[in-house]
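S.K.: One structure coming up, written as structure tokens, with questions to follow.
No lab work stands behind these numbers, since they all come straight from the coordinates. Note that this is a predicted model, so its numbers are computed, not measured. A quick note on method: Cβ atoms are made from the backbone with ideal geometry, for glycine too, and the neighbour counts reach across all protein chains shown.
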Amino acid sequence: MIQAGGQLWHRECFVCVQCFQPFQEGIFYEFEKRWYCCHDYNIMFAPSCGKCREFITGRIIKAMNGSWHPDCFKCEICQASLSETGFIKSANRALCRQCDAQEKSSGLGQYVCHKCHSVINDGPLKYKSEVYHPYHFNCSKCKVELNSDAREVQEELLCLRCFDRTKVAICGACRRPIEERIVHALGKAWHVEHFVCAMCEKPFHSNHHYEKGDKAYCEIHYHQLYGNTCFVCNSVIIGEVFSALNKTWCVDHFACAICDRRMKQKTPFYEFDKKPACKKCYKKLPSELRKRLKKEAEQPKKKSNCL
């Protein structure tokens, strides 16, 4: 026998009033003193979630003209749960207070305070990579209320007067104090991550850099702007440069123009058609041609350093 709703039932008689099937695993739902299996109850009475479209049988959240599982009701921008914190309706969307404030500020080109989530109309105070209204903080030393000129030093906020007494180096890029590793270059101090190539904006870290004027460059971009170009491959030469006949070559591309045999910087060569020719190939040229080449080389205006 089964007891339910103050009544006794034969086991074979205690079935779903809709499909007349026994209740699987003994699970059933009561509605207006009638008994339903889980499937039929969901179809007839249970609301479906506005996000996952599954039936809701437990706690339900009614919002935005719909029903939601608590875990499915989230901010449409940051996906933070809204079941406990509440929400703001914006453009037919459910948003958390922080995202709503950020959206409003983006249209105005202003910051949103990380603490009170309201728009910052005046200068913001940056602290631990977030922005705040300065009046939320006081100087760690003199306790005066801070303004946007405050500085962060070793996770403490100091007014400008107290900060000037600390004599901490200031980064030439972000204008914030440098507390750990420091780079000195171009007459300034830099955070390691802020000392970057003026072209690709990648930090140098332990790599060499090249200075030109008031800017620093990585090796590749410095040579692209101010370096030598190989006469053969027309690429920027990075590393050793071979110079001859008023031209420059990569180490691997300095070769005889006739036999294409690779030559070293000190290998004897002759000028042939304004290109280097090895001694062996040059000797194979017709004697009349060699005489004209020699005569041309001896002229003052066309004199070269070739052998």
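S.K.: Of the residues Ser118, Ser48, Ser148, which exhibits the maximal mean-square fluctuation in a Gaussian network model of the chain defined by a 10 Å Cα contact cut-off?
M.R.: In the Gaussian network model the winner is Ser48.
S.K.: Taking only DSSP H segments of four or more residues, each worth -39500 (n - 2.57), what value at 222 nm results for the chain once the sum is divided by all its residues, to the nearest 500 deg cm²/dmol?
M.R.: It comes out at -4500 deg cm²/dmol, rounded to the nearest 500.
S.K.: Rg and Dmax in Å for region 104-159, alpha carbons only: what are they?
M.R.: Gyration radius and largest Cα-Cα distance of region 104-159: 11.4, 37 Å.
S.K.: Only Cα pairs under 8 Å and at least 6 apart count here; give the relative contact order of the chain as a rounded whole percent.
M.R.: That works out to 5 percent.
S.K.: Suppose every Lys and Arg Cβ carries +1 and every Asp and Glu Cβ carries -1, with no other charges. What dipole size does the chain come out with about its Cα centre, to the nearest 20 debye? Before the final figure, lay out the partial values.
M.R.: Details: 47 positive and 34 negative charges, 597 e Å.
Its charge dipole is roughly 2860 debye.
S.K.: Can you compute log10 of I(q)/I(0) for region 225-273 with the Debye formula, treating each Cα as one identical point scatterer, at q = 0.17, 0.23, 0.33 Å⁻¹?
M.R.: So the normalised log intensities are -0.47, -0.84, -1.51.
S.K.: Kindly flag which residue pairs out of Lys264/Lys284; Lys247/Lys283; Lys247/Lys279; Lys74/Lys126; Lys104/Lys141 have an alpha-carbon separation exceeding 25 Å in this structure. All intermediate terms of the calculation are to be shown ahead of the outcome.
M.R.: On the way: Lys264/Lys284 21 Å; Lys247/Lys283 23 Å; Lys247/Lys279 19 Å; Lys74/Lys126 29 Å; Lys104/Lys141 36 Å.
Violating the 25 Å Cα-Cα cut-off are Lys74/Lys126; Lys104/Lys141.
S.K.: Turning to a different aspect of this structure: If contacts are Cα pairs under 8 angstrom and at least 6 residues apart, what is the relative contact order of region 4-147 in percent?
M.R.: Result for region 4-147 is 9 percent.
S.K.: A follow-up question, please. Hey, rough spin-label estimate for Asp122 and Asp149, points 7 angstrom out along Cα→Cβ, what's it come to in nanometres?
M.R.: Result for the modelled spin labels: 1.2 nm.
S.K.: Which residue fluctuates most in the GNM of the chain (Cα springs below 10 Å): Trp68, Trp190, Trp35?
M.R.: Trp35
S.K.: For Cys139, what charge total do you get from the other residues with a beta carbon under 15 Å from its beta carbon, if Lys and Arg give +1 and Asp and Glu give -1? Don't skip to the answer; put the middle values down first.
M.R.: Working: positive: Lys141, Lys143, Arg151, Arg161, Arg165; negative: Glu145, Asp149, Glu152, Glu155, Glu156, Asp164.
Net of charged neighbours comes to -1.
S.K.: Taking only Cα atoms and a 10 Å spring cutoff, compute GNM fluctuations for the chain and point out the largest among Cys16, Cys200, Cys171.
M.R.: Greatest mean-square fluctuation among the candidates belongs to Cys16.
S.K.: Find, among the GluC sites (Glu not before Pro) in region 68-134, those assigned to loop by DSSP (not H, G, I, E, B) with at most 12 other beta-carbon atoms within 10 angstrom.
M.R.: Numbers: sites: Glu76, Glu84, Glu103, Glu130; in loops: Glu76, Glu84.
Here the sparse-neighbourhood loop sites are Glu84.
S.K.: Can you tell me the relative contact order of region 137-295? Whole percent, Cα pairs under 8 Å, sequence separation 6 or more.
M.R.: 9
S.K.: Are there any GluC sites (Glu not before Pro) in region 175-259 that are in a DSSP loop and have at most 13 other Cβ atoms within 10 Å? List them by number.
M.R.: Counting only loop positions with at most 13 other Cβ atoms within 10 Å, the GluC sites (Glu not before Pro) in region 175-259 are Glu179, Glu180, Glu201, Glu240.
S.K.: Calculate, in nm to one decimal, what His208 and Leu289 gain on full extension: separation in residues at 0.36 nm each, minus their alpha carbon distance.
M.R.: 24.3 nm
S.K.: Another question, then. Would you mind getting me the FRET efficiency between Ala169 and Lys274? Use the beta-carbon distance for r and R0 = 41 Å, nearest 0.05.
M.R.: That gives a FRET efficiency of 0.15.
S.K.: Measure out, as a whole number of angstrom, how far apart the alpha-carbon centroids of region 112-127 and region 247-292 sit.
M.R.: One Cα centre to the other: 70 Å.
S.K.: What list of ³J(HN,Hα) couplings, whole Hz, do you get for region 144-158 from phi and the Karplus terms 6.51, -1.76, 1.60, once you set θ to phi - 60° and write x for glycine and proline?
M.R.: Whole-Hz 3J(HN,Hα) from phi for region 144-158: 6, 5, 8, 10, 5, 7, 4, 10, 9, 10, 6, 6, 10, 9, 10.
S.K.: Setting aside same-chain residues fewer than 8 positions from Lys266, which aspartates and glutamates have a Cα under 18 Å from its Cα?
M.R.: The reachable aspartates and glutamates, counting only those whose Cα sits under 18 Å from Lys266, are Glu240, Asp252.
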